[in-house]
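Everything on this sheet refers to the single structure shown next.
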Amino acid sequence: MTPLLQIAMDAHGGLERWEKVRTIVVTASITGAIWAIKGQANYLDNIVMRVDTQRQGIVTDFPAQNKRLTYERDRVTLEMPKGHRIQERDEPEASFAGQSRETPWDPLHVAYFQGEALWTYLNTPFLYSQPGFVTEEISPIKVENEQWRRLKVTFPDHIKSHTKEQISCFGPDGLLRRHDYTVDILGGATGLNYAYDYKAIDGLQFFTKRRVYAYEGDYVLVPEPLLVNIEVRHITLE
């Protein structure tokens, strides 16, 4: 474990506290241009996610619509009404093969992309301490008069995420400021994922806002469009 990862985990509440949590329950809305491009604008507005901290899985309920998406690394489902499965897909990552930027998504594409993304975001940085992850501190950057220390993270093969190698940027307080990556299932599309407005929940620090933009070259932000906008309204831990 690199010293920077230890600093980051301590700043977010500490690994000992984290290991007592089994599920993160998050009420949120996830909007932005990517969903409109894929024909699913506002699909993830007003959702409740149950995020597993021990295994890769999310259950997403839609309180106003009596439906549910489930995500596991090798399987996604749509249930409507809850408990009655009407769509399912094994090996869902393969369903993105050959897609272009304009290829529309169905609800199971949404379930997979949302699942791999939010599972990673909500388990960071503690996720990186799990067996199989490789971390390395790389050169810092200066952003808006702050120096951000950067952690290059190589994901193990058994974890599904945006791509195998990602970078997490931490501020002077040790909290995550930005998450940099490309997205394999979107043909290598770039992402600068900013984390804002942290809130303490039972001893742990969680972002309440995420803003994702594309980047060009050496992590130069492309300001328009806002690709993903995550607004967290409520978090509880179980």
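Yes/no per residue for (1) of a type in the set (A, V, I, L, M); (2) open to solvent by less than 40 Å² (accessible area, probe 1.4 Å); (3) over 29 Å from residue 98 (Cα atoms); (4) modelled with pLDDT under 95:
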| position | (1), (2), (3), (4) |
| --- | --- |
| 172 | no, no, yes, no |
| 180 | no, yes, no, no |
| 193 | no, yes, no, no |
| 199 | no, no, yes, no |
| 204 | yes, yes, yes, no |
| 222 | yes, yes, no, no |
| 232 | yes, yes, yes, no |
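Could you list all residues from region 1-43 that are part of a helix (DSSP H, G or I), in contact (Cβ under 8 Å) with a residue 60 or more places away in the chain, open to solvent by 40 Å² or more (accessible area, probe 1.4 Å) and more than 30 Å from residue 64 (Cα to Cα)? Matches in region 1-43: 3, 7, 10, 15, 17.
With the structure loaded, tell me whether residue 124 is among the hydroxyl-bearing types (Ser, Thr, Tyr), in contact with a strand residue (DSSP E or B) (Cβ under 8 Å, 6 or more places away or on another chain) and farther than 25 Å from residue 187 by Cβ or whether it fails that test. In short, no. What are the pairs, 6+ residues apart or on separate chains, where a residue within region 126-142 that is surrounded by 14 or more Cβ atoms within 10 Å (Cβ to Cβ) has its Cβ under 6 Å from a residue that is aromatic (Phe, Trp, Tyr) and outside any strand (DSSP E or B)? What qualifies is 126/18; 135/128. Against the condition surrounded by fewer than 20 Cβ atoms within 10 Å (Cβ to Cβ) and free of Cβ contacts under 8 Å to residues at least 12 places away in the same chain, how does residue 67 come out, does it pass? The answer is no for residue 67. Only one of the numbered conditions (1) on the phi < 0 side of the Ramachandran plot; (2) at pLDDT 95 or above; (3) of a type outside the set (S, T, N, Q) is violated by residue 188, and that is (1). Within region 215-238, take every residue that is among the aliphatic types (A, V, I, L, M) and closer than 23 Å to residue 47 by Cα and give me the one that is farthest from the chain's Cα centre (by Cα). Here the answer is 237.
When each of 68, 50, 89, 55 is tested for being part of a strand (DSSP E or B), out of contact with any Pro (no Cβ under 8 Å at 6 or more places or on another chain) and over 23 Å from residue 233 (Cβ atoms), the lone residue that passes is 89.
Residue count for region 92-125, restricted to those that are farther than 26 Å from residue 46 by Cβ, part of a helix (DSSP H, G or I) and of a type in the set (A, V, I, L, M): 1.
The values are calculated or read from the model by the stated rules, or taken from the named source; none is laboratory data. Just so you know, these numbers come straight off a predicted model, no measurement behind them. Backbone-built Cβ (ideal geometry, glycine too); neighbour counts: all protein chains shown. Areas reflect the complete protein model, heavy atoms only, side chains present, ligands, DNA and RNA absent. Shrake-Rupley method; radii C 1.70, N 1.55, O 1.52, S 1.80 Å.
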